[in-house]
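Notes follow once the structure below has been shown.
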Amino acid sequence: MSREEGSKLSRRAWITTTSGVIAAGLVKTQADAVRLVAQEAPTSGPAVDPTRVPGRIVSELGIRAPGEQPRRLLRGEALSSSSRTPLADLMGTITPSDLHFERHHAGIPDIGFDDHELLVHGMVERPTVFRMRDLERFPQVSRIQFLECSGNGGGVYSRDRMPTEITVQALDGLLSTSEWTGVPVATILREVGVRPGASWILAEGSDSAVMSRSVPLDKVMEDSLLAYGQNGERLRPEQGYPLRLFNPGYEGNTSVKWLRRIEVTDRPTHTRDETSKYTDPLGDGTVRQFSLVMDAKSVITFPSYPFVLPEPGWWEVRGLAWSGRGRITRVEVSADGGRSWVDAALQGPILPRSTVRFRHLFEWGGRDTILLSRATDETGYVQPTVQQLWDARGQRTSYHQNHQRAWKIARTGEVTFGLGELV
Amino acid sequence: MKTRHAGMVAALGVLMTACEAPDRFGGTRSVPSSGADALFASFDAGEPAVPAHAPSRFGFGAEASAARIAAWDIDVRPDGAGLPAGRGSVAQGKVVYETWCVACHGPTGTEGPNDRLVNTSPWELAPTSQAIGNYWPYATTLFDYIRKAMPQATPGILSPDQVYAVIAYLLWMNEIVPDDAVMDAETLPAVIMPARDRFVPDDRIGGSGPVR
């Protein structure tokens with residue numbers, strides 16, 4: 001494609017077409033780009049002039065525009081499986097609830113709101129059964145926070161597995177952000193009275209894996225929620241309806257869904273999902289256990305594979321940054337493979353243990369370019385390079401891979417995952 | 001709180017000592033004698049979870065009966081707390097395995113299609129995989145997990161005797177127990193898993209120190 005055609009094309013892309021297929025805006029997917037290239041002239045003109053016909057009337061439940069159908073990416077159709085959030089299709093920080101990533105170990109149970117009960121027992125003064133109506137009656141809290149599976153990004157860690165054709169959804173789509181509403185675990189533990197000597201809880205789900213995790217008592221007293229709301233409505237079934245634990249900044253698996261039981265204990269239970277899985281085998285032959293906090297990380301969502309930049313010129317690099325240890329304080333972007341860095345703009349409000357949208361306007365000169373981002377959090381932690389993680393951990397583990405991600409823009413404008421070129 | 005199976009401590013002798021020690025992953029801070037209220041102030045960096053004029057107790061929810069707790073309190077810990085009565089041998093476990101598990105985990109626990117259950121070579125020798133024999137730190141976790149989650153399509157179908165038996169068989173396949181082993185609430189927590197001492201607490205602490 002010549003420079004001239006490119007600019008013609010991109011101008012067309014910015015003009016609202018009324019076919020309902022290509023909305024105004026950036027060329028979002030490779031398919032869109034192909035479609036634009038193929039269409040020298042729009043084949044379908046406006047079927048109806050919307051200023052000349054009355055529109056649709058009100059409805060009880062809204063739906064997306066026909067041309068806007070973002071989808072989760074399924075790993076497979078198994079009971080223990082996952083689906084990933086289409087990060088490249090989203091704006092801002094909130095994930096629409098129906099696109100929040102999923103990870104279930106035994107499918108999604110059907111549980112009725114009035115049937116569900118939470119048992120809180122163990123090292124407590126008053127073992128208690130709460131119904132959902134009881135829990136909703138306690139003083140309520142809402143907070144915007146991310147949830148990330150610690151397996152996120154596991155596909156690009158090993159030197160032998162550095163794909164180039166991988167979308168940001170497939171790479172890091174086990175990340176979502178919501179406004180969570182619920183009752184602090186601290187409020188419920190205050191209600192039942194924790195006995196001296198307690199130091200952990202066991203949280204157990206009501207799915208057919210009875211998924212269970214141990215969580216330090218300090219953590220749940222600090223900021224964990226018994227969440228029943230997400231983005232203004234009750235939880236979605238695949239997010240644990242009607243009740244889930246939500247541990248801000250912790251690996252997603254600990255935020256046990258369909259929560260039916262909390263046992264207060266004086267030691268961890270060492271369940272399968274904190275021994276066999278969600279542990280980190282290290283290069284020195286040891287295994288890191290209870291690696292719960294998600295360290296600071298960032299990822300560029302635009303441009304990323306399979307975008308094709310139709311022409312050189314001004315483009316805005318966009319992405320997300322987050323840290324399980326608090327607020328993001330800085331995100332830097334490099335357009336030369338990590339030799340030099342500039343500060344990206346951060347979109348406020350910058351909330352602790354939430355995603356932050358960053359943006360950096362840059363002029364692409366049409367040459368091979370490797371883009372990187374790196375986040376810093378309020379503890380001073382800087383998102384490491386993959387080499388730093390390899391040196392510290394070896395290449396065995398598939399969890400907690402928060403290393404810097406790279407995207408390569410080729411002269412053709414095609415964008416691919418570019419980390420393999422740097423290591 | 002869970003109580004240990006009667007008689008267990010007496011019977012286990014020297015093997016049990018390791019499990020008797022406080023858990024290496026013990027709490028980061030335990031609740032002081034004043035109870036939860038002392039930690040309560042820390043909620044969300046100073047934001048109180050309940051307003052100052054809230055009552056000390058709301059009284060919502062119903063008292064949990066002992067029977068109710070017993071019905072749901074099915075987790076099992078490394079010290080054996082939570083294990084039910086019952087027992088099963090390697091030979092009995094072979095029958096359970098070949099009836100209920102073989103379809104998804106393969107005749108020798110290595111063929112799949114689902115998770116590999118047998119591996120006796122060290123996991124760090126690439127290419128290999130992590131499984132019960134070379135990775136799991138505690139044998140009790142097998143009881144906790146299999147009773148709750150397996151067989152995947154019909155979880156909860158096995159009796160305690162059958163769960164003990166299939167665990168004996170899995171441990172035998174992983175060359176951890178002899179072929180005359182019998183698993184019960186006393187012998188299972190006494191099994192020392194080959195990888196147990198490889199597990200270490202998380203040393204990542206944030207900040208600008210070395211990458212971990």
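The values are calculated or read from the model by the stated rules, or taken from the named source; none is laboratory data. Keep in mind that what you see is a predicted model, and the values were worked out from it rather than measured. Don't worry about glycine lacking a Cβ; one is built from the backbone with ideal geometry, like all the others, and counts go over all protein chains shown. Please note that ligands, DNA and RNA were not included when accessible areas were found on the heavy atoms of the full protein model with its side chains. Shrake-Rupley method; radii C 1.70, N 1.55, O 1.52, S 1.80 Å.
Peptide packing: for B:131-141, A:295-305, the average count of neighbouring Cβ atoms within 10 Å per residue gives the ranking A:295-305, B:131-141, highest mean first. Legend: mean number of C-beta atoms from other chains within 10 angstrom of residue C-beta atoms, peptide A:383-392, equals 2.
Think of it as helices only: each DSSP H run of n ≥ 4 in chain A is worth -39500 (n - 2.57), and spread over all residues that comes to -3500 deg cm²/dmol at 222 nm. Modelled label positions at A:T412 and A:L61, each set 7 Å beyond Cα in the direction of Cβ, lie 4.3 nm from each other. Spin-label pair A:D218-A:E316: with each label point 7 Å from Cα along the Cα-Cβ axis, the two points sit 4.1 nm from one another.
Can you pull the Kirkwood radius for segment A:375-423, inverse mean 1/r over Cα pairs, to one decimal in Å? One over the average 1/r among Cα pairs gives 12.5 Å for segment A:375-423. Accessible surface area normalised per residue over segment B:86-197 is 42 Å², counting heavy atoms of protein chains with a 1.4 Å rolling probe. About its Cα centre, the dipole of segment A:297-421 is roughly 460 debye, where the only charges are +1 on Lys and Arg Cβ and -1 on Asp and Glu Cβ.
Mean per-residue shielding of peptide A:178-190 is 4, counting Cβ atoms of other chains within 10 Å of each Cβ. Tell me, what does the Kirkwood hydrodynamic radius of segment A:229-290 come to in angstroms if you use every pair of distinct C-alpha atoms? 13.7 Å is the Kirkwood radius here. Modelled label positions at A:R137 and A:R236, each set 7 Å beyond Cα in the direction of Cβ, lie 3.2 nm from each other. Given R0 = 22 Å, the distance between the Cβ atoms of B:F58 and A:E179 translates into a calculated FRET efficiency of 0.35. Heavy-atom accessible surface of segment A:297-421, averaged per residue, reaches 36 Å², computed with a 1.4 Å probe. Translational diffusion of segment A:297-421 was estimated from the Stokes-Einstein equation, with Rh taken as the Kirkwood radius over Cα pairs; at 20 °C and 1.002 mPa s the coefficient is 144 µm²/s. Shape descriptor for segment B:125-212: Rg over Rh equals 1.10 (Cα atoms; Rh from the Kirkwood inverse mean 1/r). Peptide A:208-214 is shielded by partner chain Cβ atoms: per residue, an average of 5 of them sit within 10 Å of its Cβ. Which whole-angstrom value gives the distance between the alpha carbon centres of segment B:152-212 and segment A:370-423? If you average the Cα positions of each part, the centres end up 35 Å apart.
The 1.4 Å probe gives accessible areas that order A:K277, B:K94, largest first, as B:K94, A:K277. Take each peptide in A:228-237, B:196-205, count the other Cβ atoms within 10 Å of every residue, and average; sorted highest first, the result is A:228-237, B:196-205. Distances between placed amide hydrogens fall under 5 Å for A:L259 paired with A:S206, A:L243, A:R244, A:L245, all partners being 5 or more residues away or on another chain. Pairing chain A with chain B buries about 6800 Å² of accessible area. This figure sums both sides and uses a 1.4 Å probe. To put it simply, the accessible area of the protein assembly as shown at a 1.4 Å probe is 53 percent carbon and sulfur. The Cα-based radius of gyration of segment A:146-188, divided by its Kirkwood radius, gives an Rg/Rh of 1.23.
Applying 0.36 nm per residue to the separation of B:I205 and B:A70 and subtracting their alpha-carbon distance, the gain on full extension is 44.8 nm. Name the residues of segment A:94-110 whose amide N is less than 15 Å from a point 7 angstrom out from the Cα of B:N114 along the C-beta direction? Counting backbone N atoms under 15 Å from the label point, the list is A:104-108. Phi angles of segment A:283-293 translate, via the Karplus equation with coefficients 6.51, -1.76, 1.60 and θ = phi - 60°, into HN-Hα couplings of x, 8, x, 8, 10, 7, 10, 6, 7, 8, 7 Hz per residue; Gly and Pro are given as x.
Here the protein assembly as shown is treated as a Stokes sphere of Kirkwood radius computed over C-alpha pairs; at 25 °C and 0.890 mPa s its diffusion coefficient rounds to 93 µm²/s. For segment A:207-231 versus segment A:309-336, the spacing of their alpha-carbon centroids is 31 Å.
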